[in-house]
Amino acid sequence: MADYLQGLFQTTGRQYYQLSVPHLVEAALHRNEGVLAANGSLVVTTGKYTGRSPQDRFIVDVPAIHHHVDWGSVNLPISENVFNRVLSRMTSYLAEKDLFIFDGFAGADQHYALSIRFINEYAHQSLFAHQLFRRPEKDQLQDFHPEFTVICAPGLELNPTTEGTHSEAAIILHLERKMVLIAGTHYCGEIKKSIFSAMNYLMPDRHVFPMHCSANVGADGRSALFFGLSGTGKTTLSADPERTLIGDDEHGWADTGIFNFEGGCYAKTIRLSKENEPEIWDAIQFGALCENVVINPDTRIPDYNDASLTENGRVGYPIDFIHNADPKGVAPHPSAIIFLTADAFGVLPPISKLSEEQAQYHFISGYTSKIAGTERGIVEPVAAFSTCFGAPFMPRPSSVYAQLLKERITEHKVNVYLINTGWQGGPYGIGKRISIPHTRAMVTAALEGTLEQQEYWTHPVFNIMVPKACPGVPAEILDPRNSWANPVEYDAMATKLAIMFIENFRKFNGVEHLEKVGPRVPVVS
């Protein structure tokens with residue numbers, strides 16, 4: 001058998017290379033990694049880690065990349081010595097185990113694609129890599145040379161005292177040696193997000209704007225981008241039966257158009273319904289991998305409303321499980337960009353239009369709420385600012401990505417909208433979440449150009465243009481102040497959020513000129 005470990009370490013176990021989906025599912029079942037649900041999907045649980053663990057994600061700090069990374073609480077530095085210790089532990093741990101190896105790509109445009117080798121301890125995580133990344137053709141495997149290698153050993157618990165990590169888990173990116181180490185966490189999302197972090201670091205040097213967004217395209221050939229963190233609706237809103245899906249999470253915007261980084265989708269399942277999200281519902285079939293979804297032990301029917309394991313139940317599936325997806329993963333330049341935010345304060349308008357400068361302001365701010373379950377320790381929405389609507393996956397300074405956004409929207413005259421998929425009538429716990437049908441109607445109006453024909457008013461606090469009407473949406477909900485029982489309480493909460501915007505933006509250098517287009521604190525006479 002060929003050695004697919006490329007001299008990284010020696011193993012006495014078997015190397016299962018490029019197994020098909022049925023073989024991977026069979027292997028996972030044989031090894032008791034999961035069970036089959038009634039809909040045919042493989043269901044696994046991930047134990048302690050049911051979401052990303054930001055404090056356990058590191059980038060190796062070496063001279064070659066030191067001045068290109070935005071170090072801080074998001075991009076945590078770690079020494080090469082620690083990396084080497086963890087690598088040694090992992091290779092010793094895996095030496096006697098059977099390994100599942102998958103070769104694939106990140107990037108639908110072959111001019112920018114990254115070749116990756118995934119070395120997995122578990123069959124179901126190899127299935128995840130197979131379904132979520134781009135699968136090579138047979139002729140591409142004949143001379144496959146991985147540019148990046150991901151080694152994943154979820155069963156290995158590290159010792160922070162001897163290894164130098166923060167806990168028993170670690171996700172370590174070595175951008176110079178082009179390796180990713182994942183230990184101690186079974187959550188599959190770490191595999192996907194570590195590679196996207198690598199792509200987001202590499203692409204700007206090739207004048208590609210890497211984006212944490214979903215994308216689709218209409219019959220008229222006009223594509224759209226949806227920015228937002230997990231739980232804001234990127235996957236749900238881009239899976240539109242009237243439009244062709246390009247991808248649901250990460251894309252690049254090159255001189256020739258946009259392209260998907262992925263070969264699949266990774267959707268949240270909590271409160272999933274066939275009525276509101278039929279495309280995702282139908283995609284959960286044989287070959288799909290469900291994480292932390294509760295199933296009836298007798299009927300094996302999933303209960304998507306049961307959050308006893310986590311709010312962050314997930315399903316991964318190849319993009320062709322969405323009937324109207326384009327497996328080529330490329331599209332023309334977008335005509336519309338939508339920033340999605342789940343406002344836990346309940347004060348942002350459901351939809352507003354942004355000027356070019358406001359688009360930069362809100363992209364740099366990246367306001368949203370962290371939704372329960374997407375990270376360890378988050379049990380209810382918490383207001384947060386995530387630069388570029390994806391700070392956990394953006395290694396470079398925000399100014400690098402903001403400049404690329406500015407160049408693209410200016411060159412291609414793109415309309416930009418801010419849509420609140422969060423709460424109305426009060427903050428989280430008091431108000432209600434904006435309905436998916438109303439949000440879909442707003443998205444449709446933005447993409448079809450209907451909103452360009454409406455009259456607008458300027459919100460006195462958030463300084464953004466709000467339409468007076470939107471087809472399919474009750475006019476009274478467009479002004480969020482109307483939905484609160486006590487307008488005075490709304491004003492106070494809106495001011496509170498505006499101050500948070502202002503204070504957050506002060507930490508950015510070189511963009512002071514954009515402060516004038518941001519929220520304003522009302523002057524009390």
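The values are calculated or read from the model by the stated rules, or taken from the named source; none is laboratory data. Keep in mind the model is a prediction, meaning the values are calculated, not measured. Cβ sites come from the backbone with ideal geometry, for glycine too, and all protein chains shown count toward neighbours. These accessible areas exclude ligands, DNA and RNA; they are computed on the full protein's heavy atoms, side chains included. Shrake-Rupley method; radii C 1.70, N 1.55, O 1.52, S 1.80 Å.
In table form, for the structure just shown:
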read-out: Descending Cα extents along the principal axes, the chain, whole Å; value: 76, 55, 44
read-out: Separation of the D3 and K328 label points, Cα + 7 Å toward Cβ, nm; value: 4.2 nm
read-out: Gain in span if fully extended, T162 to A38, counting 0.36 nm per residue against the direct Cα distance; value: 40.2 nm
read-out: For q = 0.09, 0.19 Å⁻¹, Debye-computed log10 I/I(0) when each Cα of the stretch 195-345 counts as one equal scatterer; value: -0.29, -1.16
read-out: Accessible area per residue in Å² at 1.4 Å probe, computed on the stretch 338-488; value: 36 Å²
read-out: Descending semi-axes in Å of the stretch 52-205, equivalent ellipsoid built from Cα gyration tensor; value: 24, 20, 13
read-out: Sulfur and carbon atoms: percent of accessible area, the chain [1.4 Å]; value: 50 percent
read-out: Shape box of the stretch 270-353 [Cα atoms, principal axes, largest first, Å]; value: 50, 39, 20
read-out: Residue-normalised accessible area of the stretch 31-133, given per residue in Å² at a 1.4 Å probe; value: 35 Å²
read-out: Spatial separation of Cα centroids for the stretch 379-411 and the stretch 72-98, in angstrom; value: 28 Å
read-out: Mean Cβ neighbour count within 10 Å, used as a protection proxy, ranking 188-198, 164-174, 433-443 highest first; value: 188-198, 164-174, 433-443
read-out: Kirkwood Rh and Cα Rg combined as Rg/Rh, the stretch 347-504; value: 0.96
read-out: Rg over Rh, two decimals, the stretch 118-249 (C-alpha only, Kirkwood Rh); value: 1.02
read-out: C-alpha long axis of helix 123-132 to longest principal axis of the chain, angle in °; value: 40 degrees
read-out: The stretch 107-174: translational diffusion in µm²/s, Stokes-Einstein, Kirkwood Rh over Cα pairs, 4 °C, 1.567 mPa s; value: 91 µm²/s
read-out: Projected-area mean, the stretch 1-92, by convex hull of Cα positions, square nanometres; value: 9.5 nm²
read-out: Helix 487-505 axis, angle to the chain major axis (alpha carbon atoms, nearest 10°); value: 50 degrees
read-out: Estimated 222 nm signal from helices in the chain, with DSSP H stretches of n ≥ 4 weighted -39500 (n - 2.57), rounded to 500; value: -7000 deg cm²/dmol
read-out: Packing rank of 290-296, 143-149, 457-463, where each peptide gets the mean count of other beta carbons within 10 Å, highest leading; value: 290-296, 457-463, 143-149
read-out: Taking N as its residue count, the alpha carbon Rg of the stretch 58-138 over 2.2 N^0.38 Å; value: 1.36
read-out: C-alpha long axis of helix 80-94 to longest principal axis of the chain, angle in °; value: 60 degrees
read-out: Lysines with Cα under 28 Å of K413, excluding same-chain neighbours fewer than 8 positions away; value: K234, K328, K353, K468, K516
